[in-house]
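One structure below.
The values are calculated or read from the model by the stated rules, or taken from the named source; none is laboratory data. Given the structure is predicted, the values throughout are model-derived calculations rather than measurements. Cβ: placed from backbone, ideal geometry, glycine included. Neighbour counts: every protein chain shown.
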Amino acid sequence: MDLEVVTTLAQAAGADPTKAGRAMALGVAGGLGAGGAAVGIGAIFNAMIHSLARQPEMRDELTQVQWLGFALTEACFFYGLVAGLIAFFL
């Protein structure tokens with residue numbers, strides 16, 4: 001969107017154009033962050049399935065690594081979400 005369009009929409013809604021732009025940026029960043037986390041989690045479980053198909057006897061070790069990767073991927077998303085919220089409100 002063009003800055004002029006954002007300004008016009010914000011003024012029509014009776015809001016500050018800066019706040020409207022920040023709100024849209026937060027929404028886009030949150031959506032992209034969620035999409036990135038979804039792709040990362042999908043890659044982790046895809047690798048887990050392939051690993052178990054090749055070496056089923058290593059199930060316990062692979063499961064531990066899988067959940068560690070899942071937790072770290074989700075943590076990265078939540079850190080980004082919190083950083084976006086802090087940037088929005090400051």
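Miscellaneous remarks
- Of all the listed residues (G27, G33), the sole one being in a helix (DSSP H, G or I) and either aliphatic (A, V, I, L, M) or exposed (fewer than 15 other Cβ atoms within 10 Å of the Cβ) (or both) is G27.
- Among residues of the range 71-90 that are assigned to a helix (DSSP H, G or I) and surrounded by 11 or more Cβ atoms within 10 Å (Cβ to Cβ), those with a Cβ under 6 angstrom from a residue that is of a type in the set (D, E, K, R) and at pLDDT below 80, sequence gap 6+ or separate chain, pair up as F88/R22.
- Neighbours by Cβ (under 7 Å, 6+ apart or cross-chain): first from the range 36-50, under 24 Å from L81 (Cβ atoms); second surrounded by 11 or more Cβ atoms within 10 Å (Cβ to Cβ) and among the small types (G, A, S): I44/G69
- The criterion of being among the charged types (D, E, K, R) and surrounded by 15 or more Cβ atoms within 10 Å (Cβ to Cβ) does not hold for R59.
- Matching residues, the range 44-56, being loosely packed, with under 14 Cβ neighbours inside 10 Å, among the polar types (S, T, N, Q) and in a helix (DSSP H, G or I): N46
- Verdict on M48 being out of contact with any His (no Cβ under 6 Å at 6 or more places or on another chain) and modelled with pLDDT of 80 or more: yes
- Residue in the range 9-17 that is touching a helix residue (DSSP H, G or I) at 6+ places or on another chain (Cβ under 6 Å), surrounded by 12 or more Cβ atoms within 10 Å (Cβ to Cβ), modelled with pLDDT of 75 or more and assigned to a helix (DSSP H, G or I) present: no
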